[in-house]
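Trainee: Can you read through this structure? Questions will come right after.
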């Protein structure tokens, strides 16, 4: 069985800790591990191989975090633009043997009862072998309006329901309580977004119910510029990287697997799953999962609480003191501060929407940004100048590039940098510097055995990250 891990989504409801280039699945929230890492570990014991579907930026985050786990035997399918879950799953399935059973999981869910989860997956695998499309229904314990619901009679799916209002959700829970002693009657489950089926069976149903999408996905996977990668991946044990061309991806209709297939197929089964599950879709949900002190405040050695109770406090750098407050959410990052009442954190996405209208970088990236070659941290950002700390991993190099709106000064702090400026290549050692004029072609490289750390000072009319013209790039960006 192959585990297809979906890494899309930007996790806007957990802003400001979650950003487009560091979404919630890669934020280390639990015992210094990310939800993505926990997903990989949880499913590694159940599946013989794992196949990650992500965009280019998240690909490098995934590589780094898998390296921390010591996992390298993973395949990737890279989407230049997201087209929702149905195309993502279809493209991955097209690269597998049609008889291969796949377990499709999001990368940003928390599952704490792993024994119950294993039993649910084993049951789903049995149903998938019988050519069913299997979904996992989470047993609800309260009327949640943020999830879709599955209406089922035993393992037979009767209907999928959109996110309900509170009255409808309450009626679902009441129906469940009435039906608990009568297993053959209707139950309502939260739609988990996890699936299990044979790759070929799913593709047959997709072709039947969404033929335009199926054909566009076929064209995209057939038009992959990395054809050799596809040949490597097309087995029951995937390896390699498939990159979909932007022009092919744009032609694929965007739709979820629920709308495209699951709501229309007559082969759908559900496995009721009481697995202590959460999609961590809000800070309220995150609060429930974090350890707390005797006053109900989330544990944080940077927090001093005076007569304060039941608060979610997150800060990594600043000391936070609270006095006489209750039921608040306080999220502090180097460049943004969020304060909300508990129970209102679903509205965080409205903040993100407002920031996007202002074209703010705060929705896109943290001051500390991860790149395939290392990291950079913005230390100071003002009109006409910006200062960064750049760290380049051993054996890595930035793209050969130029800028139209800024000059750059590089001062090496540690390590030895190989610097290309125009036609000149030179070594820059600690406490030495170089200057790159606006429009000059340049590159930074680390040929040594330890990280290169340098301070970059940018001066110019515009210092945005999109003022980069890449001439040559090791990472196909």
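The values are calculated or read from the model by the stated rules, or taken from the named source; none is laboratory data. All figures in this text were calculated on a predicted structure; none of them were measured in a lab. Note: ideal-geometry Cβ built from the backbone for every residue, glycine included; neighbour counts use all protein chains shown.
Trainee: So, in the range 73-82, exactly how many residues are buried (at least 24 other Cβ atoms within 10 Å of the Cβ) and assigned to a loop (DSSP other than H, G, I, E, B)?
Mentor: 0
Trainee: Mind counting the residues in the range 429-477 that are without any contact (Cβ under 8 Å) to a residue 60 or more places away in the chain, more than 27 Å from residue 64 (Cα to Cα) and surrounded by 18 or more Cβ atoms within 10 Å (Cβ to Cβ)?
Mentor: 2
Trainee: May I pose another question? If the requirement is being assigned to a strand (DSSP E or B) and under 23 Å from residue 10 (Cβ atoms), which of these qualifies: 466, 381? Don't jump to the end; show me each part of the working.
Mentor: Values: 466 fails: assigned to a strand (DSSP E or B).
Going through 466, 381 in turn, the sole match is 381.
Trainee: Let me ask another. Can you name the residue in the range 156-182 that is in a loop (DSSP other than H, G, I, E, B) and within 30 Å of the chain's Cα centre (by Cα) and, of all such residues, is nearest to residue 109 (Cα to Cα)? Before you say what the answer is, go through the steps one by one.
Mentor: First, the residues of the range 156-182 that are in a loop (DSSP other than H, G, I, E, B): 162-165, 180-182.
From the residues that got through so far, the ones that are within 30 Å of the chain's Cα centre (by Cα) too are 162-165.
Working: 162: 20, 163: 18, 164: 21, 165: 23 Å.
So the residue we want is 163.
Trainee: Based on this model, can you work out whether residue 86 counts as crowded, with 24+ Cβ neighbours inside 10 Å and within 30 Å of residue 132 (Cβ to Cβ)? Walk me through it before giving the result.
Mentor: Values: crowded, with 24+ Cβ neighbours inside 10 Å: yes; within 30 Å of residue 132 (Cβ to Cβ): yes.
The answer is yes for residue 86.
Trainee: Here is a follow-up. So, in the range 112-131, of the ones that are in contact with a helix residue (DSSP H, G or I) (Cβ under 9 Å, 6 or more places away or on another chain) and buried (at least 22 other Cβ atoms within 10 Å of the Cβ), which residue ends up farthest from residue 25 (Cα to Cα)?
Mentor: 128
Trainee: Taking the range 93-121, which residues are more than 30 Å from residue 18 (Cβ to Cβ) and either without any contact (Cβ under 8 Å) to a residue 24 or more places away in the chain or outside the structural domain of residue 204 (by TED's automatic domain parsing) (or both)? Before you say what the answer is, go through the steps one by one.
Mentor: Initially, the range 93-121 is screened for residues more than 30 Å from residue 18 (Cβ to Cβ), giving 94, 96-101, 119.
119, the sole residue that qualifies.
Trainee: Assess whether residue 366 counts as being buried (at least 16 other Cβ atoms within 10 Å of the Cβ) and part of a strand (DSSP E or B).
Mentor: Working: buried (at least 16 other Cβ atoms within 10 Å of the Cβ): yes; part of a strand (DSSP E or B): no.
So residue 366 fails the test.
Trainee: If you don't mind, there's one more thing I want to ask. Of all residues in the range 113-149 being at pLDDT 95 or above and assigned to a loop (DSSP other than H, G, I, E, B), which is farthest from residue 10 (Cα to Cα)?
Mentor: Taking the candidates together, the pick is 130.
Trainee: Test each condition in (1) more than 18 Å from residue 285 (Cα to Cα); (2) in a loop (DSSP other than H, G, I, E, B); (3) touching a strand residue (DSSP E or B) at 6+ places or on another chain (Cβ under 8 Å) for residue 97 and report the one that comes out false.
Mentor: Condition not satisfied by residue 97: (3).
For every residue, the table says whether it meets (1) touching a helix residue (DSSP H, G or I) at 6+ places or on another chain (Cβ under 9 Å); (2) assigned by TED's automatic domain parsing to the domain that holds residue 462.
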residue: 360; (1), (2): yes, no
residue: 372; (1), (2): yes, yes
residue: 375; (1), (2): no, yes
residue: 382; (1), (2): no, yes
residue: 387; (1), (2): no, yes
residue: 390; (1), (2): no, yes
residue: 395; (1), (2): no, yes
residue: 404; (1), (2): no, yes
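Trainee: Looking for something outside the structural domain of residue 461 (by TED's automatic domain parsing), in contact (Cβ under 8 Å) with a residue 60 or more places away in the chain, within 23 Å of residue 466 (Cα to Cα) and within 28 Å of the chain's Cα centre (by Cα) - is there at least one such residue anywhere in the range 337-348?
Mentor: For the range 337-348, residues outside the structural domain of residue 461 (by TED's automatic domain parsing), in contact (Cβ under 8 Å) with a residue 60 or more places away in the chain, within 23 Å of residue 466 (Cα to Cα) and within 28 Å of the chain's Cα centre (by Cα): absent.
Trainee: Which of the residues that make up the range 379-402 are touching a residue at least 40 places away in the same chain (Cβ under 8 Å) and farther than 25 Å from residue 416 by Cβ?
Mentor: Scanning the range 379-402 gives 381, 384, 385.
Trainee: A further question on this structure: What are the residues in the range 286-310 that are assigned to a loop (DSSP other than H, G, I, E, B), buried (at least 19 other Cβ atoms within 10 Å of the Cβ) and over 26 Å from the mean Cα position of the chain (by Cα), if any?
Mentor: Residues of the range 286-310 that are assigned to a loop (DSSP other than H, G, I, E, B), as a first pass: 290-291, 293-297, 299-302, 307-308, 310.
Within this subset, residues satisfying the condition of being buried (at least 19 other Cβ atoms within 10 Å of the Cβ) are 297, 300, 308.
Scanning the range 286-310 gives 297, 308.
Trainee: Can we say residue 57 is farther than 23 Å from residue 282 by Cβ, in the same structural domain as residue 213 (by TED's automatic domain parsing) and modelled with pLDDT under 90?
Mentor: Details: farther than 23 Å from residue 282 by Cβ: yes; in the same structural domain as residue 213 (by TED's automatic domain parsing): yes; modelled with pLDDT under 90: yes.
Yes, satisfied.
Trainee: Determine whether the range 53-60 contains at least one residue that is in contact (Cβ under 8 Å) with a residue 24 or more places away in the chain, assigned to a loop (DSSP other than H, G, I, E, B), more than 24 Å from residue 127 (Cβ to Cβ) and in contact with a strand residue (DSSP E or B) (Cβ under 7 Å, 6 or more places away or on another chain).
Mentor: no
Trainee: Looking only at the range 230-240, filter to residues that are surrounded by fewer than 20 Cβ atoms within 10 Å (Cβ to Cβ) and touching a strand residue (DSSP E or B) at 6+ places or on another chain (Cβ under 8 Å); which one of those is modelled with the highest pLDDT?
Mentor: To start, the set of residues in the range 230-240 that are surrounded by fewer than 20 Cβ atoms within 10 Å (Cβ to Cβ) comprises 230-232, 234-237, 239-240.
Pick out the ones that are also touching a strand residue (DSSP E or B) at 6+ places or on another chain (Cβ under 8 Å) and you get 230, 232, 236-237, 239-240.
Values: 230: 47, 232: 46, 236: 45, 237: 45, 239: 58, 240: 84.
Checked the range 230-240; the qualifying residue modelled with the highest pLDDT is 240.
Trainee: Filter the range 199-212 down to residues that are touching a helix residue (DSSP H, G or I) at 6+ places or on another chain (Cβ under 6 Å) and closer than 11 Å to residue 102 by Cα, then give me how many there are. Before you say what the answer is, go through the steps one by one.
Mentor: Step one: of the range 199-212, the residues touching a helix residue (DSSP H, G or I) at 6+ places or on another chain (Cβ under 6 Å) are 199, 202-203, 205-207, 209-210.
Adding the requirement that they be closer than 11 Å to residue 102 by Cα leaves 199, 202.
Of the residues in that region, 2 qualify.
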